[in-house]
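These notes are about the structure you will find just below.
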Amino acid sequence: MYLLPAALTITLATACLFTLAAPVAAAETVPPSFIVYIAASGDNAIGRYRLQRDTGDLVHLDNTPLPGAPGSLALSADKQFLYAAVRSVESVASLRVNPGDGALKLLGTTKVAGNPVYLTPDRSGKHLLTAYYSGNKTAVYPIASDGTVQPSATSLLGTGANPHCIVPSPDGRFVLVPNTGADKILQFQFDPATGKLTPNAIPEILTPKGDGPRHLVFHPSGKFLYAVNEKGSSTTAFQFNSSTGTLTALQTLPTLPADFTGNNSCADIEITPDGKFLYGSNRGHDSLARYAIDAATGRLTALGHTPTEKTPREFAIDPTGRLLLAAGQSSNRLAVYRLDPATGALSPLAAHPCGKSPAWVLITALP
């Protein structure tokens, strides 16, 4: 019998061990479950849930009470803090996130410039950007080293009618604010050192009258931006110039099937982490519109609609792009879908109670 040389035997054995170990190491990079936060505005609380990645099972862990009705939720880039718009008392709440299980501890609330419809921290974690639908303004507040939002705004600027969102560019140098009432998107320069917003050289881009751009999302490449139009029941693709911070409209497609004749308004827009598929929510048709994205041009191809819970104000996609969760503001339930990474198709898995009048869904994998 032929015997392998000892050195080669050791080398092959090591290679086999490495081969066997590699899939395990790769699997460990994807957590078996995620934490889901839901702003239950009718309960004046943020619900915390555990979402099982493989099955889509959702387990309610606890509620964190707030002094009013929460809306928009956002995590700091390092996932140490969560910020909540407490709309009914014109405040924002600062909460510490336990890195082990995502449990929340309320650090305090800060009175802000009005009823905050949307908020997000900047990349540095030093500033909180806010928008005010009824106040027609936007403001930036400093965030202290302990994660709490400070009461004096570093920027407070008027907008067009009904700003509904505020989104920083991927590099943090620019900020975009859609105005549902004024049919335009404002373009700002942003100084991450001072928190100052300044109207860009081209301060706005107009959208067709009656469209009402509501929420925005950037493509992972940073080259494109997408807007869901609340009043126009449509989605618009934009080219984003990362040098100037300005938008150029590329295309607008409807979110509704051609034969729908009822009342409808759009709410949220989300993109898969790989940038291949885009979704928008229809309130009235009560569905999620689905699009494929051309990675080279940013243009969209409509792929159809998935029925969902009644009044899907907000929804979210998990960090791996395999599950989508849609909250029914009128049904008080959260629908869980399996997302096919090859086609973008959504397959319903289950629907779970999620508190009264859910206004926001946030999914995270904790560090």
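The values are calculated or read from the model by the stated rules, or taken from the named source; none is laboratory data. As the structure is a computational prediction, the values presented were derived from the model and not from experiment. In this analysis, Cβ positions are derived from the backbone assuming ideal geometry, glycine residues included, and neighbour counts consider all displayed protein chains.
Could you list, in sequence order, the residues of segment 288-325 that are in contact with a strand residue (DSSP E or B) (Cβ under 8 Å, 6 or more places away or on another chain), among the polar types (S, T, N, Q) and surrounded by fewer than 23 Cβ atoms within 10 Å (Cβ to Cβ)? Within segment 288-325, T297, T301, T306, T311 qualify. If we scan segment 196-203, do we find a residue that is over 23 Å from E270 (Cα atoms) and among the charged types (D, E, K, R)? Among the residues of segment 196-203, at least one is over 23 Å from E270 (Cα atoms) and among the charged types (D, E, K, R), which makes the answer yes. Of everything in segment 230-255, what is farther than 16 Å from I205 by Cβ and either among the β-branched types (V, I, T) or under 20 Å from the mean Cα position of the chain (by Cα) (or both)? Give them in sequence order. E230, S233, T255, listed by residue number. Meeting the requirement of 1 or more residues that are surrounded by fewer than 16 Cβ atoms within 10 Å (Cβ to Cβ) and modelled with pLDDT of 95 or more, the strands (runs of 3 or more DSSP E) wholly within segment 223-265 are 234-241, 246-254. Among the residues of segment 256-268, those identified as under 21 Å from the mean Cα position of the chain (by Cα) and not charged (D, E, K, R) are S265, C266, A267. When restricted to residues that are assigned to a loop (DSSP other than H, G, I, E, B), under 23 Å from the mean Cα position of the chain (by Cα) and more than 22 Å from I293 (Cα to Cα), segment 190-211 contains 2. Restricting attention to segment 187-220 and to residues that are touching a residue at least 40 places away in the same chain (Cβ under 8 Å) and among the aliphatic types (A, V, I, L, M), the residue that is farthest from T252 (Cα to Cα) turns out to be L197. Quick check: is even one residue across segment 196-206 surrounded by fewer than 16 Cβ atoms within 10 Å (Cβ to Cβ) and either among the aromatic types (F, W, Y) or touching a Leu at 6+ places or on another chain (Cβ under 7 Å) (or both)? Yes, segment 196-206 contains at least one residue that is surrounded by fewer than 16 Cβ atoms within 10 Å (Cβ to Cβ) and either among the aromatic types (F, W, Y) or touching a Leu at 6+ places or on another chain (Cβ under 7 Å) (or both). Specify the residue that is nearest to K184 (Cα to Cα); the eligible residues are those in segment 136-152 that are surrounded by 19 or more Cβ atoms within 10 Å (Cβ to Cβ) and either small (G, A, S) or at pLDDT below 95 (or both). Per the stated criteria, the residue is A139. Here K184 passes the criteria (1) surrounded by fewer than 24 Cβ atoms within 10 Å (Cβ to Cβ); (2) in contact (Cβ under 8 Å) with a residue 40 or more places away in the chain; (3) in contact with a Leu (Cβ under 6 Å, 6 or more places away or on another chain) except the one numbered (2). Note on segment 45-76: residues that are without any contact (Cβ under 8 Å) to a residue 60 or more places away in the chain and either of a type in the set (D, E) or in a loop (DSSP other than H, G, I, E, B) (or both) total 5.
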